[in-house]
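Written out below as structure tokens is the structure these notes cover.
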Amino acid sequence: MKQLNYLFVVLFIFIGLLSISYIWSSEADKETLITKSTEQAQEISSLKDKISGLEKGKTEESAVMGTSTTATGTISGLLKIKKISSTHNIIICAQDKFTIKEFCTDGLLETTAPNELKYTLEIPIGKYFIFAISPPDPNKAYYSKIQKCTDGENCENNQKILLEISENESQENIDIYF
């Protein structure tokens, strides 16, 4: 029985030493994690400060220069209309080839010719299809260099031309037959 007591005491001491070793190791790991966590929090805070500084610099730069950050170009031309009575709701649009986003204007100016209106449209740089539409009619008349006419009343231009707009570029004579 005495041997069993010694074995129990040795086993108890061994388990105690293992527990103390585990606790000591865990505390060391805990201190390492706390240190790393503190360093990462400081780095995140530093990066946030840099980002806010950059954003603040951008807004100040835009305010000083008085320009937006989006680069644009301008297109202009004539809208040649078959029937002058339908000009009250015509809009000219540029549809981005890739995003399908449309930029439109209904600011059409009269010219000396009775069936012509002049338009100007400022759009971001990119590639566009230019068209005229008169809502609620869904038919679009696209910018095309070729106009097909079967008779005096029936003209169409179904060959779309893709325009590429560069920064600060102004493209003129983008005429649409509507």
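Please list, ordered by first then second residue, the pairs with beta carbon atoms under 8 Å, 6 or more apart or interchain, first in segment 25-39 and open to solvent by 100 Å² or more (accessible area, probe 1.4 Å), second of a type in the set (D, E).
Short answer, once both residue conditions are applied: none.
Kindly provide the set of residues from segment 1-22 that are among the hydrophobic types (A, V, I, L, M, F, W, C) and surrounded by 10 or more Cβ atoms within 10 Å (Cβ to Cβ), ordered by number.
L7, F8, V9, V10, L11, F12, I13, F14, I15, L17, L18, I20
Need the failing condition index for E61 against (1) open to solvent by 100 Å² or more (accessible area, probe 1.4 Å); (2) at pLDDT 85 or above; (3) among the charged types (D, E, K, R), just the number.
Evaluating E61 over (1) open to solvent by 100 Å² or more (accessible area, probe 1.4 Å); (2) at pLDDT 85 or above; (3) among the charged types (D, E, K, R) leaves (2) as the failure.
Just to be sure I understand, how many residues within segment 90-111 are β-branched (V, I, T), surrounded by 18 or more Cβ atoms within 10 Å (Cβ to Cβ) and assigned to a loop (DSSP other than H, G, I, E, B)?
Final tally of qualifying residues: 1.
Going through segment 124-164 one residue at a time, which ones are under 16 Å from K97 (Cα atoms), modelled with pLDDT of 85 or more, open to solvent by less than 70 Å² (accessible area, probe 1.4 Å) and assigned to a loop (DSSP other than H, G, I, E, B)?
Those that are under 16 Å from K97 (Cα atoms), modelled with pLDDT of 85 or more, open to solvent by less than 70 Å² (accessible area, probe 1.4 Å) and assigned to a loop (DSSP other than H, G, I, E, B): Y143, I161.
Can you tell me how many residues in segment 112-123 are hydroxyl-bearing (S, T, Y) and open to solvent by 50 Å² or more (accessible area, probe 1.4 Å)?
2
What residue, among those in segment 75-89 that are surrounded by fewer than 15 Cβ atoms within 10 Å (Cβ to Cβ) and polar (S, T, N, Q), is modelled with the highest pLDDT?
N89
How many residues, within segment 100-121, are over 14 Å from A141 (Cβ atoms), of a type in the set (S, T, N, Q) and in contact (Cβ under 8 Å) with a residue 24 or more places away in the chain?
Result for segment 100-121: 2.
The values are calculated or read from the model by the stated rules, or taken from the named source; none is laboratory data. This one's a predicted model, so the numbers in the text were calculated from it and none came from an experiment. No Cβ is skipped: glycine too gets one built from the backbone with ideal geometry, and neighbour counts run over all protein chains shown. Side chains are part of the model used for accessible areas, which takes the heavy atoms of the whole protein and leaves out ligands, DNA and RNA. Shrake-Rupley method; radii C 1.70, N 1.55, O 1.52, S 1.80 Å.
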